[in-house]
Amino acid sequence: MAYLELDRVAKQFGAQTVVDDFSLAVGKGEFISFLGPSGCGKTTTLQMIAGFLDPTRGAIRLEGKDLTAIHPAKRGLGIVFQSYALFPHMSAAENVAFGLEMRNVPRAERAERVRAALAMVGLAGYEDRHPRRMSGGQQQRVALARALVIKPSVLLLDEPLSNLDAKLREDMQIELRQIQRTIGTTTILVTHDQNEAMSLSDRIVVMSQGRIEQIGTPEETYERPASAFVSQFLGKTNDFAATIDRTSAPARLVAGSWSAPAPAGFSGPVTVSVRPERIGFGDAGLAAKIVTRIFQGNHWLFQCESECGPAIVIRQNDGQTQPAEGETVRLAWRPEDMSVRAGAPA
Amino acid sequence: MTAVADTAPQSAARERGPRTPWALTAPALLLFVGVLLIPLAMTVMLSFHDWGQYKGIEPVFILKNWHEIATDPYYAEMFWRTFRIAILTTLLTAVLGAPEAYILNRMSGRWKSFFLLVILGPLLISVVARTLGWALLFGGNNGLVNKLLMSLGVIRAPIPFMFTETGMVVALAHVMMPFMVLSVWAALQRLDPQIENAAMSLGAGPVTIIRRIIMPQIMPGVLSGAIIVFSLSASAFATPAIIGGRRLKVAATLAYDEFLNTLNWPLGAAVATLLLVALILIVVGSNALIERRYAEVFR
Ligand SMILES: Nc1ncnc2c1ncn2[C@@H]1O[C@H](COP(=O)(O)OP(=O)(O)OP(=O)(O)O)[C@@H](O)[C@H]1O
Ligand SMILES: [Mg+2]
């Protein structure tokens, strides 16, 4: 049975529907990311789980119990806000202790748990520091410790790393993942950074305009995007217009001068979607001319003009000679490296 | 490297010339000296001059006025009343104004701007007009409220308001309220919008949130509002003059009377100077205390 369950949840502000038909089952201990562009309803969904907003429709259940009937103060969830929302008039230790105080944890045990929580996020020795005297990364850790020390049933993180610089963000990603693995708290992370979602999550929920586009593991969403939106949003991709040719038997999937056995269940115009790093230069395949060739250290980036429109190709810098600008090449890929959708490319 | 960084600002200052800041602030400085410092110095000097019913002001240096203020219990009582009224007014504005600002801050869009206007609107009306309003409502047998309540039989005699300290405190609190609300409002604006949600998610109820999270953070705003209200109330003239008249004097109305009715300018100057010095000491002292106490919130 799912640990946390969202069942056709919807949220409207006036006439505007911000989240619609959102269904998700989260397993215990799972790390889930909500990924989507700005304004797609990620925070709104998270706030409905937290209880700061009431869903217009649908149900949210935790271990089978209706969560919406429970007051936010009694839900026992740990939340890290984008702005951290630390209490500026309290020291780091007092911030972390606040949730335990509210739970009437005895003083001695409280002190011990606060110390352990701060040590876990690497802030041992910072107990008496006030938030305004801490760096962004340190404040972020205090916020995490404050959320984790109450042993929350679910940890909700709203873009906790977006205020940090790139290097610190990477460090914190690794640390966050390690902490989550160690204590096994069910976690939902909101982000609009696809790398963050991919490197941290067990499963990603890709959202667009208040709706779920796809739920899947990072590999699934990257390799088998369910929609054009997902494939565009998760890294670069090439969309080629193709058709199913039923004159030959068995039927073939044809894009320009490239073809492969047709997958079942398609007819008429289709879109073939291939990641740039899965395309190789071969003797047969899609005819293309290399427009620009960019050296990027460990790989080469080629921008090509193909029979089916522009294409990007990434090749590892493995010491082989690479085609030069202006050269005509043939683009080829294995059928298992592409995904096929009905309809022409957008 | 450090040497370069150290000299850079200096050379920049040298280019602009050391006199530039003085030249730029000179007009304002002259005005400040001309209309504030010189009259102030003259007032202080005046307080050491002699005065007699028939001889008028004599420019000598004596401590007569100061001696009179220090020994005559009338002045002690009057100053004590002035500060008592100012303290009570400050308390009243804080107790009413802080929640008012908090509620205002929680209102949504349109209502917020409407009620902000309601609260700040009185600032556009003269203090005299606002205080006279109270006099019209509660002024003796003819006061509107008094008349109504007496005709309804709720009260026998009119509610004492005019010429009472209570009346003065109420009217002053009404006049000073916008300063307190604005000051607390400014402190509320600096709160993280999610701070209440954060406390709630940790299990805090509404009372705990206000007591443990909101209050400590807006306290500096309440206190700086209190300093403004206190100093304005202690030196207020119009409201005490209308409500208290010549029966219930405070420092400002007394100084006025000495200047314009008794024509004893030196004594009036001594009262005014003492009021100013006491206010400066109180305001500077409490400001220092507040800043030390709330260093973390102020940063
Ligand atoms: N209180 C509200 N009233 C009306 N509309 C709102 C309210 N809160 C959010 N919205 C709208 O809901 C939509 C989704 O907002 P939400 O904050 O959930 O986006 P998000 O996915 O978290 O975006 P971001 O990545 O920028 O944080 C936005 O179009 C926003 O304008
Ligand atoms: Mg958001």
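First check a/c for chain A, with a ≥ b ≥ c the square roots of the eigenvalues of its C-alpha gyration tensor; if it is under 1.5, answer rounded, and if not, answer prolate when a/b is larger than b/c or oblate otherwise.
prolate
What is the average number of partner chain Cβ atoms found within 10 Å of a Cβ in A:83-94?
The per-residue average across the peptide is 5.
At a 1.4 Å probe, what is the % contribution of carbon and sulfur to the accessible area of the protein assembly as shown?
So the carbon and sulfur contribution to the accessible surface is 61 percent.
Please compute the modelled spin-label separation between residue A:107 and residue A:248, points set 7 Å along Cα→Cβ, answer in nm with one decimal.
It is 8.4 nm.
Just flag the chymotrypsin sites (Phe, Trp or Tyr not before Pro) in segment B:220-264 sitting in loop per DSSP whose Cβ has no more than 16 other Cβ atoms within 10 Å.
Within segment B:220-264, the qualifying chymotrypsin sites (Phe, Trp or Tyr not before Pro) (loop, at most 16 other Cβ atoms within 10 Å) are B:237.
Taking R0 as 30 Å, what FRET efficiency do you get between residue A:257 and residue A:291 from their Cβ-Cβ distance, rounded to the nearest 0.05?
0.95
Which of the GluC sites (Glu not before Pro) found in segment A:1-96 are in a DSSP loop and have at most 16 neighbouring Cβ atoms, other than their own, within 10 Å?
Answer by residue number: A:63.
Using a 10 Å cut-off on Cβ to Cβ distances, tally the other chain neighbours for every residue of A:73-81 and report the average as a whole number.
If you average over the peptide's residues, the count of other-chain Cβ atoms is 4.
Determine the dipole magnitude for chain B: charges of +1 sit on the beta-carbon of Lys and Arg, -1 on that of Asp and Glu, nothing else is charged, the reference point is the Cα centre, and the result goes in debye to the nearest 20.
680
Would you be so kind as to identify which of B:271, A:286, B:245 lies farthest towards the positive end of the dipole of the protein assembly as shown, taking Lys and Arg as +1 and Asp and Glu as -1 on Cβ and the Cα centre as origin?
B:245
Using DSSP, restrict attention to beta bridges with both residues in the protein assembly as shown and report what percent are antiparallel, rounded to the nearest 5.
80
Can you classify segment B:74-297 as rounded, prolate or oblate using the Cα gyration tensor, where a ≥ b ≥ c are the square roots of its eigenvalues, rounded means a/c under 1.5, and otherwise it's prolate if a/b beats b/c and oblate if not?
oblate
Taking the Cα centre of the protein assembly as shown as the origin, how large is its charge dipole in debye, to the nearest 20, when only Lys and Arg (+1) and Asp and Glu (-1) carry charge on their Cβ atoms?
With only Lys, Arg, Asp and Glu charged at Cβ, the dipole is about 1440 debye.
Show the residues, 5+ positions off or on another chain, whose built amide H is closer than 5 Å to the amide H of residue B:139.
B:144
How high is the FRET efficiency from residue A:175 to residue A:74, r the C-beta distance, R0 25 Å, rounded to 0.05?
Efficiency, rounded to the nearest 0.05: 0.25.
What trypsin sites (Lys or Arg not before Pro) does segment A:216-258 have in DSSP loop regions with at most 15 other beta carbons within 10 Å?
A:236, A:246
To the nearest whole number, what is the average tally of beta carbon atoms from other chains within 10 Å of the beta carbons of peptide B:204-213?
3
Taking a threshold of 26 Å on the Cα-Cα distance, which of the pairs A:11/A:151; A:11/A:65; A:42/A:65; A:11/A:74 fall above it?
A:11/A:151
For segment B:233-299 and segment B:61-87, write down the distance between their C-alpha centroids in whole Å.
Answer, in whole Å: 12.
At 0.36 nm per residue, minus the direct Cα-Cα distance, what do residue B:26 and residue B:113 gain on full extension? Give it in nm, one decimal, please.
Between residue B:26 and residue B:113, full extension yields 27.3 nm more.
Note down the nm distance, to one decimal, between modelled labels 7 Å out along Cα→Cβ at residue A:13 and at residue B:207.
Between residue A:13 and residue B:207, the label points sit 3.4 nm apart.
Once the Cβ-Cβ distance between residue B:42 and residue B:282 is put in as r, and R0 is 25 Å, what FRET efficiency do you end up with, to the nearest 0.05?
The value I calculate is 0.55.
Say a paramagnetic label sat at a point 7 Å from the Cα of residue A:344, along Cα to Cβ; which residues of segment A:253-284 have their backbone N under 13 Å from it?
In segment A:253-284, the label zone of residue A:344 (backbone N under 13 Å from the point 7 Å along Cα→Cβ) covers A:269-271.
The values are calculated or read from the model by the stated rules, or taken from the named source; none is laboratory data. Please read all numbers here as calculations on a predicted model, not as lab measurements. Glycine also receives a Cβ, built like all others from the backbone with ideal geometry; neighbour counts cover every protein chain displayed. Heavy atoms of the whole protein, side chains included, go into the accessibility calculation; ligands, DNA and RNA do not. Shrake-Rupley method; radii C 1.70, N 1.55, O 1.52, S 1.80 Å.
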